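Only one structure is covered here, and it is reproduced in the block below.
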Amino acid sequence: MTTTAASRIKAKQRPGDRAFSGTALGAGLLILITLAAVAIFLIAQSVPAFFADSESASILPGTFWQYVGPLIFGTVWAAFLALVIATPLSIGIALFISHYAPRRLASVLGYVIDLLAAVPSVVFGLWGIGVLAPAVQPVYDWLSTYLGWIPLFGGTVSGTGRTILTAAIVLAVMVIPIMTAICREVFLQTPVLHEEAALALGATRWEMVRTAVLPFGRSGIVSAAMLALGRALGETMAVAMVLSVSGAVTFQLLTSTNPSTIAANIALSFPEAYGLNINVLIATGLILFVVTFLVNALARWIVNRRKEFSGAN
């Protein structure tokens, strides 16, 4: 009896099963090896930059941390503004596609959203510098005139519209398709019985969404937001083309005095860099690598806190 039971439990491995298992294992290990190789390269090339000063590296105003500090601020500030703009819009579009739009319209909008996610960033940069910046400049004048008492809208308005707020709007437009696609799929997975139960109890469509759909998709919304934040943190060309940088640390959104981002600074400075300046730029890339890793780790921690959540809870 024992031998028979053991033979039933142990499945026979076919050559195809072993090949697939080995391929999947190799692919997983390849990701870890690649990540480790990138980290080792960045750390090895960055060590000289941490102890450099303005005498050994002409790109530095003083120490390395004086150079990278404003870049970290600009990177996080631009990505945060983009996330503030993109999150409510993405959730609203996803809810409209999943629960309000007719089926044919929803399928068309879903296809358009997926298509927008594949648009190259340089196209968004061209749109931002050629269309968006001139269009929003009068709006910035109005904000400065009537809301200038708010510190964010204070200062002298840029005459070109190429400000940190314009760059944040471009980043928001870039990450909206990603967030919308993820939120849409999460909202569509809401148990139909829960939605019907809420409607049967007399809830309106919005009350059903608020009490059944949004709580069910909360972890998915957080994951989508963190994924979009990671995309915004590492965006290069769009920010480099739109933003008129000065290297300052300021919260003002409408002036020509704008902080730069790490990725944009690397793209603009690397072609003329030489000697220890290259190590300095690679070191800023290591900082961006660490910031992005921490953002993804935070997202994973938030999602894991709710991994046991289900619509029945």
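The values are calculated or read from the model by the stated rules, or taken from the named source; none is laboratory data. On a predicted model such as this, the values are computed, not experimentally measured, just so you know. Here the Cβ positions follow ideal geometry from the backbone for every residue, glycine too, while neighbour counts run over all protein chains shown.
Do the conditions hold for Arg103, that is, is it over 23 Å from the mean Cα position of the chain (by Cα) and among the charged types (D, E, K, R)? Spelling it out, Arg103 is indeed over 23 Å from the mean Cα position of the chain (by Cα) and among the charged types (D, E, K, R). Do we find a residue being among the polar types (S, T, N, Q), closer than 30 Å to Ala37 by Cα and buried (at least 18 other Cβ atoms within 10 Å of the Cβ) anywhere in the range 216-227? Yes, some residue in the range 216-227 is among the polar types (S, T, N, Q), closer than 30 Å to Ala37 by Cα and buried (at least 18 other Cβ atoms within 10 Å of the Cβ). Quick check on the range 258-272. Is at least one of its residues buried (at least 18 other Cβ atoms within 10 Å of the Cβ) and farther than 30 Å from Gly155 by Cα? No - not one qualifying residue is present in the range 258-272.
Test Leu132 against the criterion of being surrounded by fewer than 13 Cβ atoms within 10 Å (Cβ to Cβ) and either closer than 21 Å to Thr255 by Cβ or not β-branched (Val, Ile, Thr) (or both), and give yes or no. It is false that Leu132 is surrounded by fewer than 13 Cβ atoms within 10 Å (Cβ to Cβ) and either closer than 21 Å to Thr255 by Cβ or not β-branched (Val, Ile, Thr) (or both). Would you call Glu207 touching a residue at least 24 places away in the same chain (Cβ under 8 Å), of a type in the set (D, E, K, R) and in a helix (DSSP H, G or I)? So Glu207 fails the test. Which residues, taken from the range 109-127, are of a type outside the set (A, V, I, L, M, F, W, C) and farther than 23 Å from Ala168 by Cβ? Of everything in the range 109-127, those that are of a type outside the set (A, V, I, L, M, F, W, C) and farther than 23 Å from Ala168 by Cβ turn out to be Gly110, Tyr111, Asp114. Would it be correct to say that Ile85 is in a helix (DSSP H, G or I) and under 30 Å from Thr204 (Cβ atoms)? So Ile85 fits the description; yes. Whenever a residue of the range 262-287 is in contact (Cβ under 8 Å) with a residue 24 or more places away in the chain and under 15 Å from Ser46 (Cβ atoms), its partners that are of a type in the set (S, T, N, Q) and buried (at least 20 other Cβ atoms within 10 Å of the Cβ), lying with C-beta atoms within less than 6 angstrom and at least six residues away or across chains, give the pairs Ile262/Thr75; Ile262/Thr284; Ile282/Ser46; Ala283/Ser46; Leu286/Ser46. Each residue in the range 228-257 was checked for being small (Gly, Ala, Ser), surrounded by fewer than 21 Cβ atoms within 10 Å (Cβ to Cβ) and in contact (Cβ under 8 Å) with a residue 24 or more places away in the chain, and 6 pass. For the condition assigned to a helix (DSSP H, G or I) and either more than 24 Å from the chain's Cα centre (by Cα) or of a type in the set (S, T, N, Q) (or both), what is the one hit in Gly69, Gly26, Gly62? That would be Gly26, the only listed residue that is assigned to a helix (DSSP H, G or I) and either more than 24 Å from the chain's Cα centre (by Cα) or of a type in the set (S, T, N, Q) (or both). The single residue among Val295, Val242 that is over 26 Å from Ala39 (Cα atoms), in contact with a Gly (Cβ under 8 Å, 6 or more places away or on another chain) and of a type outside the set (S, T, N, Q) turns out to be Val242. Would the range 172-180 turn up any residue that is crowded, with 21+ Cβ neighbours inside 10 Å and under 16 Å from Tyr100 (Cα atoms)? The answer is yes; a qualifying residue exists.
Quick one: which of Val170, Val157, Val76, Val186 is touching a residue at least 24 places away in the same chain (Cβ under 8 Å), part of a helix (DSSP H, G or I) and more than 15 Å from the chain's Cα centre (by Cα)? Among Val170, Val157, Val76, Val186, only Val186 is touching a residue at least 24 places away in the same chain (Cβ under 8 Å), part of a helix (DSSP H, G or I) and more than 15 Å from the chain's Cα centre (by Cα). Just one of the listed residues (Ser54, Ser46, Ser58, Ser90) is modelled with pLDDT of 90 or more, of a type in the set (S, T, N, Q) and surrounded by 10 or more Cβ atoms within 10 Å (Cβ to Cβ), and it is Ser90. Of the residues in the range 102-120, not one is in a helix (DSSP H, G or I), among the acidic types (Asp, Glu) and free of Cβ contacts under 8 Å to residues at least 24 places away in the same chain.
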